[in-house]
Every structure is written in structure tokens, then in C-alpha cells.
Amino acid sequence: AALALLCSSAAAVVVWKWLGKKQIQKKMEEARRTRDEGVKKMAKAVQQFREQVPSVQTDAILSLPLLELTGRLREGSLSPKAVLYTYLERALEVTQQTNCLRHFIPECEEQLQEIQQQREKGLLYGIPVSIKDHIGHKGHLSTCGLVECLGTPVQEDSVLVKVLKRQGAIPFAMTNVPQSLFNYDCSNPIFGQTLNPFNHQKSPGGSSGGEGALIAGGGSILGIGSDIGGSIRLPSSFCGLCGLKPTAERLRGGPVCLLNMDVCSRPTPVPCALGPMARDVDSLALCMKALLCQEMFQLDPTVPPIPFNEEVYSSSAPLRVGYYDTDSYFPLPPCMRRAVRETRGALQAAGHQLVPFSPPRIPYVMTELFLKTFFADGGRAWLDVFTGDIVDPSLKPQVNCCKIPRLGKKLLALILKPLQFLVLLQLKNVATLSTCRSVKEMWNHHHQIQVYRTEFIARWRELRLDAVLCPVLGPAFTMGYPGKLLTAISSTMLYNVLNFPAGVVPVSTVTEADEEELKLYQGCCDDPWDRTLKEAVAGAVGLPVAVQCVALPWREELCLRLMKEVETLSREK
């Protein structure tokens with residue numbers, strides 16, 4: 001009787017799990033069907049417009065830089081309708097090739113009517129803008145790539161979307177993200193994998209990967225992403241774009257993903273920042289200028305009322321710039337270090353002062369400050385996000401590490417202790433995920449982050465720096481590799497821990513010589529992680545190569561100033 005009861009209980013569990021999976025599949029299929037219907041409706045609307053106005057110069061509109069496009073819209077030589085439908089048509093083509101869109105925003109046609117009735121034309125009048133999946137838009141889902149978020153649409157526009165609309169922008173699309181946002185690939189079980197528009201074997205980066213692919217493919221001229229470990233800067237690096245992660249409190253988004261565990265909405269000493277992505281630095285500056293307005297300061301009183309300082313951005317005074325081409329933690333591929341060296345030379349030749357700079361204690365920052373912030377509980381809260389969901393293959397390495405019991409993690413660390421130092425470090429990063437075992441320990445962790453920030457700023461001020469030039473992870477990884485190399489993001493993660501504004505600018509492309517030099521790359525110890533990185537970036541000839549520019553907190557204009565200088569010099573070259 002006991003055996004029969006046990007068998008029937010086991011059968012019931014199996015049936016229950018099977019029914020649960022069927023329910024998940026049904027929800028995902030419904031979400032995909034809704035997206036596909038939206039794409040068809042938008043394609044039909046675009047076709048109708050093309051039939052009504054066949055004379056629209058599509059290529060001419062798509063080739064205009066943002067500053068020129070805003071000028072043409074404001075003077076009336078281009079109509080907002082022609083610009084919107086031109087970008088909608090191009091976005092349809094790009095998403096067909098790369099799967100970068102999660103959803104079109106049909107209300108963009110209502111916003112088009114709305115801006116034409118506004119008494120004053122805002123700074124982004126008539127500009128179609130794409131936004132990352134988790135940035136709240138009224139009437140639309142904010143999914144974070146999770147089935148649990150498929151039920152309830154957002155009830156009101158986020159602050160950032162309200163301000164964009166107030167400035168005359170037209171949000172027209174929401175872009176794809178990795179599941180839970182905690183990945184720098186761009187794949188989730190609901191809407192699938194987004195591809196890099198330059199090479200479909202490569203990742204567009206993440207977590208703002210849909211934005212990266214859409215803008216790089218020409219389907220959007222301006223996008224809004226978010227960044228908590230490099231999520232604006234990595235897609236910008238992988239896709240050859242300019243992207244800015246501001247000081248986190250400089251912009252606010254308002255309500256985002258409805259899950260408490262959305263990495264961009266939970267309280268943390270390493271805050272999430274919202275920021276712009278575009279094809280040139282002037283576009284980022286215009287977006288910041290538009291967003292840092294009275295509307296933003298009134299809608300969210302926690303945003304410091306500091307308007308954009310045009311004088312700092314436009315200055316031509318020589319800068320004193322610190323530089324480094326490696327953080328001595330995770331050595332980057334030869335082409336990324338070459339980019340820093342060449343940019344340093346160009347800046348020096350242009351009259352700027354370049355000073356060697358060495359960021360302190362990066363292994364400590366990575367293991368004890370950054371990862372401990374997100375996995376203070378050993379990753380349990382993050383794992384809860386996947387309850388009743390299917391884990392995306394790109395996240396399985398991290399999820400499986402978090403599932404190892406605490407005792408098992410300690411045993412693994414002991415077994416591997418005799419091996420190379422970096423191997424042990426890597427294990428600590430993604431397997432042991434050193435936890436905060438008490439509230440007191442958590443407060444101490446927060447305090448240690450403040451201590452490190454103070455130390456870093458002191459070193460910066462000793463050298464009297466205006467800004468810093470440094471590498472960013474790249475070139476674009478082959479699909480599936482970002483999930484295997486979480487710790488490779490040390491180049492971007494550092495400035496999330498510090499909460500410094502940091503931006504990425506493309507300066508070159510991967511050459512045949514870079515590819516040859518990569519064959520000799522051994523990283524730090526020629527260990528499994530170094531070899532995996534080598535595999536991840538191989539076959540990248542012709543793909544974008546970028547550098548990173550950094551300034552002190554609240555000095556976004558200075559960061560953009562250096563980025564603009566770098567962009568100008570690289571284009572001249």
C-alpha cells in the first residue's frame with residue numbers, strides 16, 4: 001500500500017510538472033503570436049503610407065545624423081510622419097534579419113498627432129525613439145524576458161518615456177533583452193536570440209542588445225538602454241555604436257519590470273543607470289540635454305535639478321587624461337588594447353596631456369564588491385525569478401553555479417586551491433558567490449564600496465585628471481560565449497561600482513593583423529577562461545573596435561567631451 005501511494009504521488013508530481021510546462025509554453029506562444037500580429041499590422045500601416053506618399057526619400061532620411069534630422073524637422077522641410085514611417089519600415093527589415101524587436105508601439109501614431117498639436121517644438125521633435133524592453137510604456141508589457149511578467153501591462157508611462165514625449169520624441173518600438181537582464185548576450189525563451197547585424201554568428205551584446213542591433217542596423221536613430229555592469233556599453237562596443245552610462249541618479253526611468261528581482265529596480269549599492277545609445281556622440285549629448293529638463297526634475301524630485309552644461313561639452317580646452325590598456329584582471333584581446341594605444345597617441349598629437357593611470361585592486365572589486373552586491377544571498381532571490389519558467393541556455397552556467405549547495409561550493413574551492421590563482425578567483429566569482437551571512441556583514445559590504453570609491457577618487461585627484469581613457473570588452477563575442485565568461489566584464493563593471501559616468505566610442509575595426517596576434521594571446525595565465533575568451537572573439541575581422549571614456553560623478557558633459565574628441569580624431573584617421 002505504501003509503495004502504491006509512493007508511486008501514485010510520484011506520478012502526480014510528474015503530471016503536475018508536465019501541466020506546468022504546457023502552461024508556460026502556452027503563455028510564450030501567446031506572447032510570440034501577439035508580437036507577430038503587431039509586426040504584421042505595422043507592416044500594413046507602412047505599406048499604406050508608401051502607397052499614399054511614394055515620393056519619400058527613404059535613404060536620404062536614414063542617412064541624416066540626429067542633429068541634422070532634428071533641424072530639418074523643426075524647420076519643416078521634413079515631416080514627422082515621413083520620418084516615423086521611414087524608420088518603421090527600416091526597423092521591420094532589421095528585426096526580420098536580427099530578431100531585435102520585442103514589440104512595436106502602435107500608439108506611436110497617436111503620439112505623432114499629439115506632437116503636431118504641441119505649442120512648442122521640443123528638442124527631439126518628431127524623432128522616433130526605441131526603448132529597452134523593461135522601460136515602462138503605458139499599455140505594454142515590461143517582460144525582462146520572463147514568463148512571469150507576461151500577464152500585466154504597465155499602467156502608466158515611466159518618467160523617462162513621459163519626458164521623451166514632452167520633448168516631441170515618438171517612442172515606436174521596444175527591444176529584446178536577455179532573460180532577467182543579468183547577461184551580456186541577448187536571448188530569452190520567449191522571444192528568442194537577437195543577432196549582431198554585422199555578423200549573424202556573433203552576439204549584439206547585452207543586456208541592451210536589442211537596442212544595439214536595431215540602431216546598428218539603421219532601424220532606430222536613438223535608443224534608451226540601461227546599464228548595471230556594462231549593459232549599454234557592451235552592446236555599443238559589440239555593435240559599433242556610441243553609448244553613455246550616466247551617473248545613476250542623473251536620469252530616472254520610473255516604474256519598470258513588475259518583478260521585484262528586476263536587476264534595474266531593486267535597491268542596491270551598485271545602482272542601475274539609464275542612458276542613450278546612438279550612432280554618434282552629438283546624438284547622446286542632444287538626448288541628455290533633452291532629458292535633463294524641468295519636466296524630468298518635476299516628475300521625479302529625486303533627480304538633482306542639474307541641466308545639461310553645454311559650455312563644458314563644447315569647450316576646446318586641452319584635457320588632462322589618465323589612461324590604461326589593461327586592468328590586470330582579465331586581459332582583453334589585442335585589438336582592444338591597440339585601440340587604446342592608438343587613441344592615446346591621437347589625443348597627445350592633438351595637444352591633450354596623457355597620464356598613465358592604474359585602477360586599484362580590480363580582483364577585489366570584482367569578487368568582493370560587484371558580484372557580492374547581486375549575490376549577497378548566494379543567488380537565491382535571483383533563482384526564484386526562474387520559478388515556473390524555462391531557463392534560457394545562455395544563462396544555464398550561472399544558474400547551475402548558484403544551485404550548487406554552499407558546502408559543495410566550499411569543497412570545490414578547496415579542491416581547486418592548488419591550481420592557478422586566477423582559476424580560483426574565477427571559481428569564487430561564479431560558483432561560491434561569497435555571500436553576506438548577516439545584516440551586519442551586508443552593512444560592512446556597503447561601507448567597503450564607499451571606501452573603495454574614496455580611494456579611487458583620491459588617486460584620480462592626485463593625478464589632477466579631467467577624464468580617463470581605457471579599454472572596453474570586445475570585439476563581439478560568438479553566440480553562446482557571454483554566458484561562459486561573466487567575469488570578463490571587469491572593464492565596464494568597475495564604473496558601475498564607482499557610479500562614474502562612462503561611455504563607449506567606436507574607433508577602429510578588427511584587422512587581419514589583430515586576428516593573427518590573437519593566435520598568440522595567452523591572457524593572464526593561459527587558463528581555461530583565457531582560452532575561452534580567445535575562442536569567443538575569434539573570426540571578427542571587420543567588426544567594430546571601441547574604447548571607453550570615463551569622468552567623475554555628475555560630469556557627464558566632460559565624459560561626452562572626451563568621447564567627442566576621440567570620435568573626431570578617429571574619423572580623421
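See the values below:
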read-out: Some residue of segment 461-471 being in a loop (DSSP other than H, G, I, E, B) and at pLDDT below 95; value: no
read-out: Qualifying residue in segment 438-457 (condition: of a type in the set (Gly, Ala, Ser), buried (at least 16 other Cβ atoms within 10 Å of the Cβ), more than 17 Å from the chain's Cα centre (by Cα) and part of a loop (DSSP other than H, G, I, E, B)); value: no
read-out: Close pairs from segment 17-45: first in the same structural domain as Glu107 (by the TED database), partner open to solvent by 100 Å² or more (accessible area, probe 1.4 Å) and in a helix (DSSP H, G or I), Cβ under 9 Å, at least 6 apart; value: Val39/Gln96
read-out: Yes/no for Ala502 being in contact with a helix residue (DSSP H, G or I) (Cβ under 8 Å, 6 or more places away or on another chain), within 19 Å of Arg361 (Cβ to Cβ) and at pLDDT below 95; value: no
read-out: Output for segment 129-153, where each listed residue is open to solvent by 10 Å² or more (accessible area, probe 1.4 Å), in contact with an Asp or Glu (Cβ under 8 Å, 6 or more places away or on another chain) and over 29 Å from Leu66 (Cα atoms); value: Glu148, Leu150
read-out: Residues being surrounded by fewer than 14 Cβ atoms within 10 Å (Cβ to Cβ), under 29 Å from Phe191 (Cβ atoms) and out of contact with any helix residue (DSSP H, G or I) (no Cβ under 9 Å at 6 or more places or on another chain) - total across segment 98-125; value: 1
read-out: Some residue of segment 42-55 being part of a helix (DSSP H, G or I), touching a Pro at 6+ places or on another chain (Cβ under 6 Å) and not aliphatic (A, V, I, L, M); value: no
read-out: Segment 480-504 residues that are crowded, with 24+ Cβ neighbours inside 10 Å, paired with ones that are in a helix (DSSP H, G or I) and of a type in the set (Phe, Trp, Tyr) (beta carbon under 7 Å, 6 or more apart); value: Met493/Phe370; Ala502/Tyr495
read-out: Residue, modelled with the lowest pLDDT, within segment 1-44, restricted to residues that are among the β-branched types (Val, Ile, Thr) and under 34 Å from the mean Cα position of the chain (by Cα); value: Ile24
read-out: Number of the exception - Arg344 against (1) touching a strand residue (DSSP E or B) at 6+ places or on another chain (Cβ under 6 Å); (2) open to solvent by less than 50 Å² (accessible area, probe 1.4 Å); value: (2)
read-out: Qualifying residues in segment 531-573 (those that are surrounded by 17 or more Cβ atoms within 10 Å (Cβ to Cβ) and among the charged types (D, E, K, R)) - the one farthest from Glu249 (Cα to Cα); value: Lys534
read-out: Residue in segment 247-265 that is modelled with pLDDT of 95 or more, in contact with a strand residue (DSSP E or B) (Cβ under 6 Å, 6 or more places away or on another chain), more than 18 Å from Met336 (Cα to Cα) and hydrophobic (A, V, I, L, M, F, W, C) present; value: yes
read-out: Test result for Leu160, open to solvent by 10 Å² or more (accessible area, probe 1.4 Å) and more than 21 Å from Phe374 (Cβ to Cβ); value: no
read-out: Pairs, first without any contact (Cβ under 8 Å) to a residue 40 or more places away in the chain and buried (at least 16 other Cβ atoms within 10 Å of the Cβ) in segment 388-406, second polar (S, T, N, Q) and not in a helix (DSSP H, G or I), C-beta under 8 Å, six or more apart; value: none
read-out: Wholly enclosed helices (runs of 4 or more DSSP H) of segment 509-573 bearing at least 3 residues under 22 Å from the mean Cα position of the chain (by Cα); value: 528-537, 556-572
read-out: Number of the condition not met by Gly205 [criteria: (1) in contact with a helix residue (DSSP H, G or I) (Cβ under 6 Å, 6 or more places away or on another chain); (2) surrounded by fewer than 24 Cβ atoms within 10 Å (Cβ to Cβ)]; value: (2)
read-out: Members of segment 481-508 that are aliphatic (A, V, I, L, M) and under 12 Å from Asn183 (Cα atoms); value: Leu485, Leu486, Ala488, Ile489
read-out: Test: residue in segment 163-185 that is under 21 Å from Asp282 (Cα atoms), open to solvent by 10 Å² or more (accessible area, probe 1.4 Å) and either of a type in the set (Phe, Trp, Tyr) or touching a strand residue (DSSP E or B) at 6+ places or on another chain (Cβ under 9 Å) (or both); value: yes
read-out: Selected residue (only one of Pro360, Pro331 is assigned to a loop (DSSP other than H, G, I, E, B) and either at pLDDT 95 or above or surrounded by fewer than 19 Cβ atoms within 10 Å (Cβ to Cβ) (or both)); value: Pro360
read-out: Filter result for the condition that a residue is open to solvent by 30 Å² or more (accessible area, probe 1.4 Å), at pLDDT below 95 and either in contact with a Ser or Thr (Cβ under 7 Å, 6 or more places away or on another chain) or not aliphatic (A, V, I, L, M) (or both), over Ser55, Ser79; value: Ser55
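Residue-wise test of (1) outside any loop (DSSP other than H, G, I, E, B); (2) open to solvent by 70 Å² or more (accessible area, probe 1.4 Å).
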site	(1), (2)
Cys287	yes, no
Ala290	yes, no
Glu295	yes, no
Pro307	no, yes
Tyr313	yes, no
Pro318	no, yes
Gly322	yes, no
Asp325	no, no
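The values are calculated or read from the model by the stated rules, or taken from the named source; none is laboratory data. Everything numeric here is computed off the predicted structure, so don't read it as measured data. Cβ coordinates were reconstructed from backbone atoms using ideal geometry, including for glycine residues, and neighbour counts include every protein chain displayed. Areas reflect the complete protein model, heavy atoms only, side chains present, ligands, DNA and RNA absent. Shrake-Rupley method; radii C 1.70, N 1.55, O 1.52, S 1.80 Å.
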